[in-house]
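The values are calculated or read from the model by the stated rules, or taken from the named source; none is laboratory data. Since we're looking at a predicted model, the values are computed, not measured. We place every Cβ from the backbone using ideal geometry, glycine too, and count neighbours over all the protein chains shown. Side chains are part of the model used for accessible areas, which takes the heavy atoms of the whole protein and leaves out ligands, DNA and RNA. Shrake-Rupley method; radii C 1.70, N 1.55, O 1.52, S 1.80 Å.
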Amino acid sequence: MSVSVTGPFIYFTIPIFGGIPITQTTVSHLLVTLLLCGEFIAIVKRLKKRPDGKQVLVEKGVLMLYNMVVDTMGAHNAHFLPLIGTIFLSSICSSLIGMTGFLRSATADLSVPLVWALIVTGIIWHNNIKYNGFVGWLKGFTEPIVVMTPMNIIGEIAQPVSMAFRHFGNIGGGTIITSLLYFALTGLSLAIGLPFPIFNIGIPAVLSLYFDLFTGFMQAFIFMMLTMANIANAKSED
């Protein structure tokens, strides 16, 4: 028995721009996007003055997220609520979609959280330039003293990289550990002469709840909090 750990499977390649591969990650993330958009459209169309249980739950969720954004970023940054909510829900659903068994967690591919981190960094730079001016933004790299300029530049570049690798590392690592454990339990069952891999019943499912459900939620929450903190630092109330 051998274990092979590879990247996302490539379904086909679109023959433009040198070839655009359509991978498991692409399909999973596209499916998550379509499901979220479809669900939100359906919720909006069913809005009532006297809400039912589902609408009440959605409204409570939006209110909780709004309060979190205001408490963390300030009321002047409340307009970032759609962005924060989109990142949070996309992260959770992209991680949990791997629990279907036939789809790969989109966040187990570095490209997905890296794109989110680059978008956040672009917003941070835009706010810094908008409220401090281009010269003021460049001047910020020389603070508190000029000799810190190289370190400040490295820190600015490292910010999206660290956000992306933290998210990807935890989700991707959990996927690999679960796969290795599954094959190890299969080998153990065969080694002791059992007719079928009995050790695969229950144990991988319990670990999947931790790596996929708990870790997926925590990484989405951490990524969301880092996003709010970094944007808030770039756009203070003053």
The chain - mean residue ellipticity at 222 nm from DSSP helices (-39,500 (n - 2.57) per run, n ≥ 4, rounded to 500): -23000 deg cm²/dmol
Kirkwood-type radius of the chain, with distances r between different C-alpha atoms, in Å: 20.7
Local electrostatic count, Val58, Cβ distance below 14 Å [Lys/Arg +1, Asp/Glu -1]: +2
Diffusion coefficient, µm² s⁻¹, Stokes-Einstein with Kirkwood Rh over alpha-carbon pairs of the range 121-161 at 25 °C and 0.890 mPa s: 233
Per-selection metrics, the range 21-127 (Cα): Rg and Dmax in Å: 15.9, 47
Inter-label distance, nm, simple model (7 Å from Cα along the C-beta direction), Leu81/Ile176: 4.1
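Heavy atoms only, probe 1.4 angstrom, no DNA, RNA or ligands counted: give me Ile129, Ile192, Ile43 ranked by accessible area, highest first. Mind dumping the intermediate values first?
Numbers: Ile129 60, Ile192 100, Ile43 30 Å².
Result, largest first: Ile192, Ile129, Ile43.
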